[in-house]
Amino acid sequence: MYHKNIPFIALVLIVLFSCKEEKQDYVFSLSGQLLNPSPDGVVLLQATNLSQKQFDAVDTLKLNPDGSFYETYNLQPHYYNLRINDSTNVAFLADSLQDIKILPRETKGYDIAGSPDTRLFEEYEAFRSQVLQTKVYPLRGQLYQLLGKKNPEDAEKIAEIGKRVEQAEAAYRDTLINAVKPLGTSLAIYPTTVRWNGDTNLKFYDSLATQFSKVHSGLEITQRILEKVKVMKQISLGGKVPNIVAPDTSGVENSLYQNLGKYTLIDFWGSWCGPCRSEAGQLVSLFDQYKPEGFNIFAFAVERDKTRWENAIKQDQRTWINVSTQDWYSNDICANYDITALPKNFLVDANGIIIAKDLHGKELAEKLAELFSSP
């Protein structure tokens, strides 16, 4: 029965509109069984900032005595993490109308069923791990072993292996595009964005983001993917770098824009980063050589430990401006410069326009010689 004061056609439209709104809800179920869950509860987390590794809690699961559970969620398709205890986190992607099951393996870890996007992301991660294990980690091991000896006679060898590590890591990042392409517009591309390399593959990732936005219009992760490409474009060759304002070891704030030389190397490094430390000797030499002609270095350290940072500055004789927020990658500076791995650098002119990126060793020396020999 309908109200006598409301025309029948109006009621029909209201019902249809309500149905349409209901269909737009994002609903998925999450079930399974867990081993040794935390006594404080199992928490469902949603990724809020991948580059800064931030996740927000959205629910605490109710478990049965045997560790089993079943929950339904009216949440957007997204990248989630189930924190089972201090040492176990299960990452998965959830799309609407999926029944996702998380079950323990016979050996170690958990299997995830009901989420094709998660399976694709796991394949991407397996590929990424294999490249690291075979191409990068062996060289890193050699470098850290030499650095640990602190033998001055190893300086040349350290520089050589450091350069090889940088090349291997650059090749690793470029190789990952081969694992991203098969993902299409799956939700699985979202967690891969932290390792997108816009220096060589910007056109592809820009196109991919556009395609993704057409398929997944209105989602939060869609907006984040588009923002990622926007940042990649801003810090590409010819773009103007964002300002950096951060404290030095004495707590005094320093501004990049107020310390731009004729040419400035913006150096992202860390006391814990082997390749970063291995190139310190050359940076000192170049800084001393070209500082009188207007060359400057503005260094931002990705750090947690102030003492280690200060000791590295002294040991490496880094006499230029050194700043850090001492909060690892969890800051706007790393986000604005798309810093997800080290070393990373930007060579800019007096206006902050990027003229070169990721120059190390001989390439950096040759570029500076070319710039400062020009009239």
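Here are a few things to note about the model shown:
- The single residue among Ser271, Ser285 that is of a type in the set (Ser, Thr, Tyr), more than 22 Å from Gly198 (Cα to Cα) and surrounded by 14 or more Cβ atoms within 10 Å (Cβ to Cβ) turns out to be Ser271.
- Pairs, first farther than 26 Å from Val194 by Cβ and in the same structural domain as Gly67 (by TED's automatic domain parsing) in segment 30-50, second in a strand (DSSP E or B) and hydroxyl-bearing (Ser, Thr, Tyr), C-beta under 6 Å, six or more apart: Ser31/Tyr70; Gln33/Ser68; Gly41/Thr60
- Of everything in segment 155-205 that is of a type in the set (Asp, Glu) and within 17 Å of the chain's Cα centre (by Cα), the residue that is farthest from Gln130 (Cα to Cα) is Asp199.
- Within segment 246-282, the residues that satisfy the criterion of being in contact (Cβ under 8 Å) with a residue 40 or more places away in the chain and among the aliphatic types (A, V, I, L, M) are Ala246, Leu256, Leu260, Leu265, Ile266.
- Residues being in contact (Cβ under 8 Å) with a residue 40 or more places away in the chain, of a type in the set (Ser, Thr, Tyr) and part of a helix (DSSP H, G or I) - total across segment 181-208: 3
Okay, residues lined up against (1) crowded, with 17+ Cβ neighbours inside 10 Å; (2) basic (Lys, Arg):
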residue: Gly294; (1), (2): no, no
residue: Val302; (1), (2): yes, no
residue: Lys306; (1), (2): no, yes
residue: Ser324; (1), (2): yes, no
residue: Tyr329; (1), (2): yes, no
residue: Lys357; (1), (2): no, yes
residue: Ala369; (1), (2): no, no
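Per-residue answers, yes or no, for (1) part of a strand (DSSP E or B); (2) within 26 Å of the chain's Cα centre (by Cα); (3) under 16 Å from Asn322 (Cβ atoms):
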{"site": "Ala246", "(1), (2), (3)": "yes, yes, yes"}
{"site": "Thr249", "(1), (2), (3)": "no, yes, yes"}
{"site": "Gln258", "(1), (2), (3)": "no, no, yes"}
{"site": "Leu265", "(1), (2), (3)": "yes, yes, yes"}
{"site": "Val284", "(1), (2), (3)": "no, no, yes"}
{"site": "Lys291", "(1), (2), (3)": "no, no, yes"}
{"site": "Asn296", "(1), (2), (3)": "yes, no, yes"}
{"site": "Ala299", "(1), (2), (3)": "yes, yes, yes"}
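- Residue match in segment 198-215 (condition: modelled with pLDDT of 95 or more and in contact with a Leu (Cβ under 8 Å, 6 or more places away or on another chain)): yes
The values are calculated or read from the model by the stated rules, or taken from the named source; none is laboratory data. Fair warning: this is a prediction, and the values are worked out from it, not measured in the lab. As a convention, Cβ positions derive from the backbone with ideal geometry for all residues, glycine included, and neighbour counts pool all protein chains shown.
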